[in-house]
Structures are given as structure tokens and as C-alpha cells.
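The values are calculated or read from the model by the stated rules, or taken from the named source; none is laboratory data. Keep in mind that this is a model prediction, so the values were computed, not measured. Cβ coordinates were reconstructed from backbone atoms using ideal geometry, including for glycine residues, and neighbour counts include every protein chain displayed. Please note that ligands, DNA and RNA were not included when accessible areas were found on the heavy atoms of the full protein model with its side chains. Shrake-Rupley method; radii C 1.70, N 1.55, O 1.52, S 1.80 Å.
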Amino acid sequence: MQIDSYNYKLKHVEPTGFNKGEIYIISQKPCLMKNGGKDEGHDLTRLAVCVQGLINRGFKNHGCAIALDMDVTDDFWLDYITEDNATYGKMKRVKAESTQDMLDKFMPFLMENGLVVWDSFVPSTANVASTMCGLFSCVPVKFNEEKGSLYDVLVNERKIPVKHSLVGMFEGAVKGEKIKNTELISTGSPKCDAYIWAMDKFMPECNPEFLAYTLDGAPSCPQNPTSKTRDAYSARITGIPNHDYFVYKQCFFFDLTPYRDEAPIDEPDQPIGADGETLRKILKKRYDLANGRFGEVLGFPPWHVKYTTHVGNFDLIPPRLEWHFVECCTSYNCGIEADAANPAWMSNGSLYTNYTRRYEPKGNKVHGEIKYEPGTKYYTICYTGDFDCSPWMKWRVPMQWTDKNVGKVTVAYNYGINLIERIPMAFDYVYQHQTENDYLTAGEGMGYVVADAMFKGFIGKEANPEYSHWTRYPREKGSPVERTLPDCDKEYIEYAEPYYRASKLDISGKLINCFTQLSKKALAVYNRLSPKGGFLCNITAGKYDFQTYNGVPYFRVIGFGGDTLEKRCEHAYEKMMSRDSDFIAYGFCDNGLNCCTPSGVKEFIDAFEEHIKKVDPVGKYRYVDIDTFLRLAAESGQGVKREEQPGD
């Protein structure tokens, strides 16, 4: 299901050096490592995935493809998409045996298309180079004249032509003066000037539906402080394998913090706020190019490598940076597809997106025979997540749907429905194995958004000094997001509704609105998309565990603690008995009890039922499916009623 509301045309790339009917497989070991296999090769991985994205873009025309083998899930999914009746079923697998073998294979393609060289002293030029790669097919390589470097091998030894060089273009930035050899005004930051230049030169040609928010080259540049952070060593954890899909889609690449009150780790001497202002210019430019239509930012704040307390004495902890970023994106009519750590790597998106689905969504089973018994029972469900990003869903679907207890216990799964464009095979696998006991919901709606940021006048709370929960920064600081653009609820519904209907989904899950309680206007959006109801992240529910808007129920998803199954049951029972209604929604993410799998849920439910028998022999408890749960809740008349009023 590729729902193309933009009708943007991708450029054709000739697969010079690759053979029709072959999948060329590149393994991390032995092809993408350096120093004798001790370190992950950032430069080699960037080269490989950029070539991969270009080649795979034209698969339906030329019939050849590239696959990466970065982890066990890549093996699982390659086997699935090459089954006899699948898209790649008749193709021959050809494996690269070494780095040398891979480079030999790439040679004809590289000779024809050339290189774009980026500047290690301005690592943002790595992202500019990747943007250029998507548009012009020239492949990025870092400038490094050391003997044996990838640049040395390609340029000096193999004589690959350099089509473009970004080296030295943005050095000596002075705020208010002109960027060298341009009429553009400098931000005073070489990092940001590179993006300002790329916006002017290339963004009008880029895909207006998507932006690629991904780490730049700083983790691989020894002179940059980012390279010293604990996760910088890994090409996978820094998200380079994700780039094939971004190149395929001809995205504009960027890496900036939205927070405007401190300089970032990767450029500590930049003018305060330069990153945040440049990020907003990029979002506004996309908004203008898309004529206000809703779009997506592919990626996630790199909290584990930059910008947060995780890597140094910075103001924001990781969740606050995350929510601040999503507030910012939504304020410019973008949701995000959250390639979050960890696993942060989403290899083979350009391979998977060409996969043609073989199975249709079934929709959720409706059990109308269960009747509401007022005052006599507590109704509960188990709700699993958190799958708003392709890497996590790609990783967890095999674990969940090969579980021995699939179908033996009622489970609700929360998957981001926009992910079907990037990992359609994962949805196919779910649809193939879904039973009547398996219920699907639209994870976080259509893309991860802060729904109230769709409305003009919204002021975010994630960098606002009035809201000091989970924060380290001084109260006099804080530059909150403020939406000045017109409302975009209609644009969001127009973008999201085709995915809901095609997926046969009428329930939304794990809606996040940060520290802002969902307004009636936001609830009206979800009423339209998911008329049976939805589930809210803990803080998003505000003071309401159970609320309705025009009769549609919404529930806070309740988590519970305990390091043993017995303690978790005790805590869950305490939570249930403290409710003001007969309904409670328990939420499971990854934890020591593995409750994201059917076996994990079954283990908990069986233990919980035994616990209740001990403490409440009358048996006022019933575990039901998510569809029945919402229907009974709507029939009950319980919950805080937040009805539409004149003037809403």
C-alpha cells in the first residue's frame, strides 16, 4: 500500500555494474568493518547504503537490488521477501566476500556517477552530500588524505572522479556577513551555513513529503567532540544504515537541535540558537514547498550522541528533547517516523519499500455477545507497544508473531500505520498470522505528532520554564515552540485517513501530547480517524484516566512496576482497585518479563487471575479484547464527559 498524495517523481538511476535478477548482499562482516574487523566502518557503511538507495530506487524498472546484512532480522526478512511467491522470490543471491569485493562491484557505478566529497571539519556537509546523492547520484565520501582512507582508495588509487567538493566552503563563518561565494547571509555557524546553502541550492528539488533527520558525519570525525561520546563508534547506532531509504526518497538531510538556549556539543562555539533557528527554517521551507500539506520527518533526535544530558552537561534530558522536537515538527505540519535508539538502525528500507504485499488486512474481530454488567466487574485489556518507528517494529514483529502463544491470548498491538511504506513486509507478516484474538491499533495516529500543535496559538511546554518536571535547566531559560501557522487538523486528517481506512483500523493507540492534555479540538481529530476510541500516554491523559469526547472513549494507559511477576500483579491489582470506573487499560513495553510477546502477556494474565482469586474470591474481574473494552466503556456512561460546546 503506497499512498502517494504528493505525486512526486523520483529520478531514474542506471544500475551500471549490477545484473538483472540478482540481489547483491553486503554483510557488515566482512565488508563494512575497519581495523581488522574491530570497528564499524562509518565511511564504508555510508558509501554502501547510498549506492544501495540509488540502485534499489529503480528496481521495478531494471530488476536488480542490493541488500545489507546488519543483524539477524535482516536474515529473517530477506528469507521472507524471497519466498517463491514474493517480490524477490526468483532472484539469485550474490554475496560480497570482502570490502575489496564490494568496491570492485561498485566501481562501474562510481566511475559513471562520481563522488561528492564532504568536509570533516564541517560534519554537517556529510548530510549535504547525502542530499546531493539522492538528487544527482554522486556518492558521498569524507575528505581524508591519509594513506588507506576510503577517500585515498577511491580517489587516488581507483581514480573515481570527484564531481563535487564541499571542502572549505563554509569555514570562517561570520554572523550577518555573506556565506563565501554566495549572496546568502551567514548564521555565524559553519554547521548551519551548510544547511542554509543546501536549502537554497537543492531543497526545491527534494521530496516535499519527507525530510531526513539523521546524524551528520560528526561521530566519524576525530576532531569533533561528538566522536568521543559513548555510542559514536557504531555506524549502526549512529543510524547510517537508515540512509538508503532517505536517498531512495530524495530527502533533504539535516541534523540540528530544536533547542535554542545552548550551543550543541558538535559546535560549542556557534551563536546560541543557530541550530534551532536553522531547523525551523528547514521545516518552514518544506511547508512552503508542500503548500501546507502534511508530511513526515524521518528520524529522531540523536539524544544518545548529541544534545542531551546523556552526553554531557546540557539542559535537556532525552525525553524532553524528543517531545520538544515533535512539538516543533507538528507546528510545521510534520509528524515524525521515529528512528529512535535503540536499535536505531533501519537497514534495507529501500529494499523493503519495493515489496508487494501478499496479504490483506483482516480488521479486528467484533464480539457483540459480551454485555456490560454495571457495578459487578472490572474490565481490563493488555496493550503492547512501543512501535512508532520502523527499526523497532522490524525487530519485534518476528519475536511477537513467531511466539508459541500467538492466538492463545487476546493481545492488542500498537503499530505506526505510516510504517507500511517503509516496511510493508512486516505488516504482511502480521496480516498473514493475525488470528481472531489479535487486535491492531494505529500507533500514535498517523506518524508521531503532538496533536495540539496542529492548532494556531499552541505554545509548547517542553522548553518552557513554567514546566520544570524532568528538567535540569535553570528556570530563567526556555524558548518554547509556538505555532504561528494556520490550523492543520484538516491537512492531517487528509493525510492520515487513507491509511486508517486501508488498514481497516478504527482505534488509535499511545497518543502522545507531551505535558499538554489533549484539547477537545485534538480529540475531535481522533474521533474522525478512530471512531471507536483511543489510548493515551500517561501524562497526555492529564487528570483523566477515562474520558469521552462526544461519546468516544479515551483511556490513560496504565503502567505498573515490580521486579517480579508477583509484585507486578500486586501493583496492577492496586491500580485496578483505585479506579473511578469499571475499566482499566494496562500497557506493556519492553521489560524483564517480556510482556511485548503473547507469551509474556499470557504469563501475566494467568498470574493476575490467580492473584485476584486469592484477594477477591467473588471474581469481579474480566479480561476482554480491546474492541469489546471500548464498546463496553462507551455503553457504560462512565468517564469524564468532555462534550463539544458551542464555540469549540
#### Entry: residue 403 vs. criteria in a loop (DSSP other than H, G, I, E, B), in contact with a strand residue (DSSP E or B) (Cβ under 6 Å, 6 or more places away or on another chain) and not polar (S, T, N, Q)
no
### Query
Of all the residues that make up the range 350-371, how many are more than 16 Å from residue 507 (Cβ to Cβ), open to solvent by 20 Å² or more (accessible area, probe 1.4 Å) and modelled with pLDDT of 90 or more?
5
### Query
Is there a residue in the range 114-121 that is assigned to a helix (DSSP H, G or I) and crowded, with 17+ Cβ neighbours inside 10 Å?
no
### Task
Output the residues belonging to the range 315-349 that are buried (at least 24 other Cβ atoms within 10 Å of the Cβ) and part of a helix (DSSP H, G or I).
320, 321, 323, 324, 325, 326, 327, 328, 329, 330, 349
### Message
I need the full set of residues from the range 518-544 which are surrounded by fewer than 23 Cβ atoms within 10 Å (Cβ to Cβ), in contact with a strand residue (DSSP E or B) (Cβ under 9 Å, 6 or more places away or on another chain), assigned to a loop (DSSP other than H, G, I, E, B) and modelled with pLDDT under 95, in order please.
### Response
537, 542, 543, 544
### Task
Give the residues of the range 166-178 that are surrounded by fewer than 21 Cβ atoms within 10 Å (Cβ to Cβ) and among the aliphatic types (A, V, I, L, M), sorted by residue number.
167, 169, 174
### Summary
Among the residues of the range 285-309, the number that are touching a residue at least 40 places away in the same chain (Cβ under 8 Å) and touching a Phe, Trp or Tyr at 6+ places or on another chain (Cβ under 6 Å) is 7
### Task
Could you tell me which residue of the range 89-102 is nearest to residue 212 (Cα to Cα), considering only residues that are open to solvent by 10 Å² or more (accessible area, probe 1.4 Å) and either among the aromatic types (Phe, Trp, Tyr) or in a helix (DSSP H, G or I) (or both)?
99
### Query
Restricting the search to the range 187-206, which residues are assigned to a loop (DSSP other than H, G, I, E, B) and either among the charged types (D, E, K, R) or open to solvent by less than 10 Å² (accessible area, probe 1.4 Å) (or both)?
189, 206
### Members of the range 72-88 that are open to solvent by less than 20 Å² (accessible area, probe 1.4 Å) and not hydrophobic (A, V, I, L, M, F, W, C)
73, 74, 80, 88
### Message
Checking residue 289 against (1) hydrophobic (A, V, I, L, M, F, W, C); (2) under 21 Å from residue 202 (Cα atoms); (3) surrounded by 24 or more Cβ atoms within 10 Å (Cβ to Cβ): exactly one of these is not met. Which one?
### Response
(3)
#### Entry: Selection status of residue 23, within 24 Å of the chain's Cα centre (by Cα) and touching a residue at least 60 places away in the same chain (Cβ under 8 Å)
no
#### Entry: Selection within the range 430-462 - surrounded by fewer than 24 Cβ atoms within 10 Å (Cβ to Cβ) and either touching a Leu at 6+ places or on another chain (Cβ under 6 Å) or at positive phi (or both)
457
### Query
Is it true that some residue in the range 103-113 is part of a loop (DSSP other than H, G, I, E, B) and surrounded by fewer than 21 Cβ atoms within 10 Å (Cβ to Cβ)?
no
